[in-house]
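Notes follow once the structure below has been shown.
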Amino acid sequence: MTLVGWVQVLVFFALIVAVTKPLGVFMHRVFETGEAPLGRFLGRIENSIYKLFGVDPKREQDWKEYCFALLAFSALGVLVTYGIERLQGHLPFNPQHFPGVPQELAFNTAGSFVTNTNWQSYSGESTMSYLTQMAGLAWHNFTSAASGIAVALCLARGFTRRGGPAGPKTLGNFWVDLNRSILYVLLPLSFLFALVLVSQGVIQNLKPYLDVTTLEGAKQTLTLGPVASQEAIKQLGTNGGGFFNANAAHPFENPTPFTNLISLFLIFAIPAGLTYTYGRMAKDSKQGWILFAAMSFLFFAGLVVCYHAEAGGNSAFAGLPLQQTLGNMEGKEARFGVAASTLYATVTTDASCGAVNAMHDSFTALGGLVPLVNIELSEVVFGGVGAGLYGMLIFVVLSVFIAGLMVGRTPEYLGKKVEAKDIQLATLYILVFPIIILGFAAWAAVSAMGVSSLNNNGAHGLSEILYAFSSAAGNNGSAFAGLNANTPFWNIALGISMLAGRFLMIVPALGIAGAMVAKKVVAPSLGTFPTNGPLFAFLLVSVILIVGALTFFPALSLGPIVDHFQSLQGKVF
């Protein structure tokens, strides 16, 4: 661990802190006041879209209508992307003349991108045409991110609106939130940062592959294509799907340390900004900063462990005539090194992004444990765009309930009582995640169809299985690359996991929003547990860690923890 490495970390985090308030204020203006910059120009486009599709932007929806609109829109997205993939051999912008994608892989990819997971069981440069990359996948990068923002806004309104039993039970309009997310936030920022990436060497064209002669006289084929446009939204929308199989380790996607910093900044920017947006909605900015503080603590805790493990080198090589002064460099790009690689791995799994600039399968056992745990904490350490905020608010409900038990009175949050139905829905949200991960992982571990794809045996092989289903259910998309997931079993199982991990958790979150918006606000009293101070932040972090530890520690003990002790004995699988 070096001073230069920590300077990189602190510069990155300083940028995130600096952007949190202005971006949060901007998004509050867009979604809650309707006074977005360029509103006169973009407003005409926005209104034209409403007229085209018959949407009344002034008509708000209750939680059931909001949920139905989200599910219907997502289902349509799956069908459209599935069709484009299957028919790509007959469609334009296919200079490589790729055939249609096999049906199991098309199902997996359609489910992956509609859920903001962007798990890729294929090599993008040898499977997907330019049209599929742009119209099928990059389109979902916008819509899935916007859907996550919409859910977060809906749940936030449930907590912060003061309608009461006699007031309106509405929570906004899904189509308006979706449209404004794309039009005012995602598109302008993606366009701006795509230009920045192009200026730094990220390619952007529609040319076919290029055959070149190397300095040694050998022939090499270079993959080209519209990379920068997809790269910008994949990071900004915490999608993670790479144009190339090597993802952000590829020099055409991420050529320099500066583009690496831009990628990291884009991944955390909107999740961090949404915490301040929430504080504005609650009319108490401290509420938002408490969520930001809890997320930041969990981020730094994971980063320290991962950086320390990778900087120390691989313990399995101890005693061998090898120098590891640069740390564990296996699977890492020399232009990034250990510090930038571990920072990237921590950020991308905190934010359920899935982009990688190093191969997580090559991390040390403890270094690889951190990305896995980050995902298994239910996508709340900043989390995906929108998903981080609504996931954290679910844990807030649980923490308030525990605090209420501690002070011996009915728990309250923002003046609204947390009752049995709210806790039941929050518990359902928490249980869906481990049921999917542990259930499917157990099946894969004892199934010939599951273990036949492993390149490693023993504890590390189990870690690969756990990581795959954690990444799918957590809508992350990164992978321990030692697993060949492009088989009918893995494509279908992971596709189901991604869809369940997204929508079976969104429905109870929206249910809580519907229950909370109708509640009467009560004045705080001496027995009210304050939720805008350091004590509540400590309680919130504790609840997140305890729930995660109790749920996944046994499985982690058999996977990466056993793998660590075996590496200390010089055993590598």
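The values are calculated or read from the model by the stated rules, or taken from the named source; none is laboratory data. The structure presented is a predicted model; accordingly, all values stated were derived computationally and were not measured. Glycine also receives a Cβ, built like all others from the backbone with ideal geometry; neighbour counts cover every protein chain displayed.
If you take the residues in region 361-375 that are among the hydrophobic types (A, V, I, L, M, F, W, C) and within 19 Å of the chain's Cα centre (by Cα), which one is nearest to Val304 (Cα to Cα)? Spell out the reasoning first.
Filtering region 361-375 for residues among the hydrophobic types (A, V, I, L, M, F, W, C) gives 363, 365-366, 369-370, 372-373, 375.
Now restrict to residues that are within 19 Å of the chain's Cα centre (by Cα): 369-370, 372-373, 375.
Numbers: Leu369: 12, Val370: 10, Leu372: 15, Val373: 14, Ile375: 17 Å.
In this case the residue turns out to be Val370.
So, in region 451-482, how many residues would count as being surrounded by 23 or more Cβ atoms within 10 Å (Cβ to Cβ) and either over 21 Å from the mean Cα position of the chain (by Cα) or basic (Lys, Arg) (or both)?
Residues of region 451-482 that are surrounded by 23 or more Cβ atoms within 10 Å (Cβ to Cβ), as a first pass: 460, 462-480.
When the remaining residues are screened for being either over 21 Å from the mean Cα position of the chain (by Cα) or basic (Lys, Arg) (or both), the result is 460, 462.
So the answer is 2.
Any residue in region 407-424 that is free of Cβ contacts under 8 Å to residues at least 40 places away in the same chain and closer than 30 Å to His564 by Cβ?
Scanning region 407-424 turns up no residue that is free of Cβ contacts under 8 Å to residues at least 40 places away in the same chain and closer than 30 Å to His564 by Cβ.
Can you tell me how many residues within region 66-86 are closer than 27 Å to Leu155 by Cα and surrounded by fewer than 17 Cβ atoms within 10 Å (Cβ to Cβ)?
Step one: filter region 66-86 for residues closer than 27 Å to Leu155 by Cα, giving 66-78.
Next, from what is left, pick out any that are surrounded by fewer than 17 Cβ atoms within 10 Å (Cβ to Cβ): 68, 71-72, 75-76.
Residues flagged as closer than 27 Å to Leu155 by Cα and surrounded by fewer than 17 Cβ atoms within 10 Å (Cβ to Cβ) within region 66-86 amount to 5.
The rows are residues; the columns are (1) under 27 Å from Met392 (Cα atoms); (2) in contact with a Gly (Cβ under 8 Å, 6 or more places away or on another chain).
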position	(1), (2)
Leu483	no, no
Trp490	no, yes
Met498	yes, yes
Ile506	yes, no
Ile512	yes, yes
Val517	yes, yes
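What are the pairs, 6+ residues apart or on separate chains, where a residue within region 10-34 that is more than 18 Å from Thr160 (Cβ to Cβ) has its Cβ under 7 Å from a residue that is of a type in the set (S, T, N, Q) and surrounded by 17 or more Cβ atoms within 10 Å (Cβ to Cβ)?
What qualifies is Thr20/Thr275.
Considering only residues that are buried (at least 24 other Cβ atoms within 10 Å of the Cβ), more than 9 Å from the chain's Cα centre (by Cα), over 16 Å from Phe300 (Cβ atoms) and not hydroxyl-bearing (Ser, Thr, Tyr), which ones fall in region 339-360?
If the condition is that a residue be buried (at least 24 other Cβ atoms within 10 Å of the Cβ), more than 9 Å from the chain's Cα centre (by Cα), over 16 Å from Phe300 (Cβ atoms) and not hydroxyl-bearing (Ser, Thr, Tyr), then Ala355, Val356, Asn357, Ala358, His360 are the ones that fit.
Got a sec? Which of Leu526, Leu510 is farther than 28 Å from Asn173 by Cα and either assigned to a loop (DSSP other than H, G, I, E, B) or not charged (D, E, K, R) (or both)? Steps first, answer last, please.
Numbers: Leu510 fails: farther than 28 Å from Asn173 by Cα.
Criteria check complete, one pass: Leu526.
Do we have any residue at all in region 47-59 that's touching a helix residue (DSSP H, G or I) at 6+ places or on another chain (Cβ under 7 Å) and either assigned to a helix (DSSP H, G or I) or within 30 Å of Phe297 (Cβ to Cβ) (or both)? Outline the logic, then answer.
Taking region 47-59 and keeping what is touching a helix residue (DSSP H, G or I) at 6+ places or on another chain (Cβ under 7 Å), we get 49, 55, 57.
Now narrow it down to the ones that are either assigned to a helix (DSSP H, G or I) or within 30 Å of Phe297 (Cβ to Cβ) (or both): 49.
Yes, that holds for at least one residue.
Looking only at region 106-155, count how many residues are among the small types (Gly, Ala, Ser) and not in a helix (DSSP H, G or I). Can you show your working first?
Going residue by residue through region 106-155, those that are among the small types (Gly, Ala, Ser) are 106, 110-112, 121, 123-124, 126, 129, 135-136, 138, 144-148, 150, 152.
Remaining after also requiring not in a helix (DSSP H, G or I): 121, 123, 129.
Looking only at that region, the number is 3.
Residue pairs, Cβ under 7 Å, 6 or more apart or interchain, first in region 519-541 and among the small types (Gly, Ala, Ser), second surrounded by fewer than 20 Cβ atoms within 10 Å (Cβ to Cβ) and assigned to a helix (DSSP H, G or I). List them.
Gly527/Val407; Ala537/Ala293
From Gly327, Gly354, which residue is modelled with pLDDT of 80 or more and touching a helix residue (DSSP H, G or I) at 6+ places or on another chain (Cβ under 6 Å)? Don't jump to the end; show me each part of the working.
Numbers: Gly354 fails: touching a helix residue (DSSP H, G or I) at 6+ places or on another chain (Cβ under 6 Å).
Within the list Gly327, Gly354, the selection yields Gly327.
For region 19-44, how many residues meet the condition of being surrounded by 12 or more Cβ atoms within 10 Å (Cβ to Cβ) and in a helix (DSSP H, G or I)? Please lay out each step first, then the result.
Step one: list which residues in region 19-44 are surrounded by 12 or more Cβ atoms within 10 Å (Cβ to Cβ), which gives 19-21, 23-32, 34, 36-37, 39, 42-43.
Retained after the next criterion (residues that are in a helix (DSSP H, G or I)): 19-21, 23-32, 39, 42-43.
So the answer is 16.
Of the residues that sit in region 229-285 and are assigned to a loop (DSSP other than H, G, I, E, B) and of a type in the set (S, T, N, Q), which one is farthest from Phe299 (Cα to Cα)?
Among those that are assigned to a loop (DSSP other than H, G, I, E, B) and of a type in the set (S, T, N, Q), it is Asn245.
Being hydroxyl-bearing (Ser, Thr, Tyr), on the phi < 0 side of the Ramachandran plot and surrounded by 22 or more Cβ atoms within 10 Å (Cβ to Cβ) narrows it down to one of Thr275, Thr256, so name that one.
Details: Thr256 fails: surrounded by 22 or more Cβ atoms within 10 Å (Cβ to Cβ).
None of the others qualify; the one that does is Thr275.
Of the residues that make up region 233-247, is at least one under 16 Å from Asn357 (Cβ atoms), touching a residue at least 12 places away in the same chain (Cβ under 8 Å) and surrounded by fewer than 24 Cβ atoms within 10 Å (Cβ to Cβ)?
Pass one, region 233-247, residues under 16 Å from Asn357 (Cβ atoms): 234-235, 238-247.
From what's left, touching a residue at least 12 places away in the same chain (Cβ under 8 Å): 234-235, 238-245, 247.
Subsequent filtering for residues that are surrounded by fewer than 24 Cβ atoms within 10 Å (Cβ to Cβ) retains 244-245.
Yes.
For region 292-309, state whether one or more residues are under 24 Å from Gly533 (Cβ atoms), surrounded by fewer than 24 Cβ atoms within 10 Å (Cβ to Cβ), among the hydroxyl-bearing types (Ser, Thr, Tyr) and free of Cβ contacts under 8 Å to residues at least 12 places away in the same chain.
No, there is no match, as no residue in region 292-309 is under 24 Å from Gly533 (Cβ atoms), surrounded by fewer than 24 Cβ atoms within 10 Å (Cβ to Cβ), among the hydroxyl-bearing types (Ser, Thr, Tyr) and free of Cβ contacts under 8 Å to residues at least 12 places away in the same chain.
Return the residues of region 361-393 that are farther than 24 Å from Leu550 by Cα and either charged (D, E, K, R) or crowded, with 24+ Cβ neighbours inside 10 Å (or both); say none if nothing qualifies. Explain how you work it out, then say what you get.
In the first step, residues of region 361-393 are kept if they are farther than 24 Å from Leu550 by Cα; the result is 361-363, 385-386.
Asp361, Phe363, Val385, Gly386, listed by residue number.
Considering only region 387-475, give the helices (runs of 4 or more DSSP H) lying wholly within it that have at least 2 residues that are farther than 26 Å from Ala293 by Cβ and in contact with a Pro (Cβ under 9 Å, 6 or more places away or on another chain). Steps first, answer last, please.
Details: elements: 387-407, 420-446, 448-451, 458-473.
Hits in region 387-475: 420-446, 458-473.
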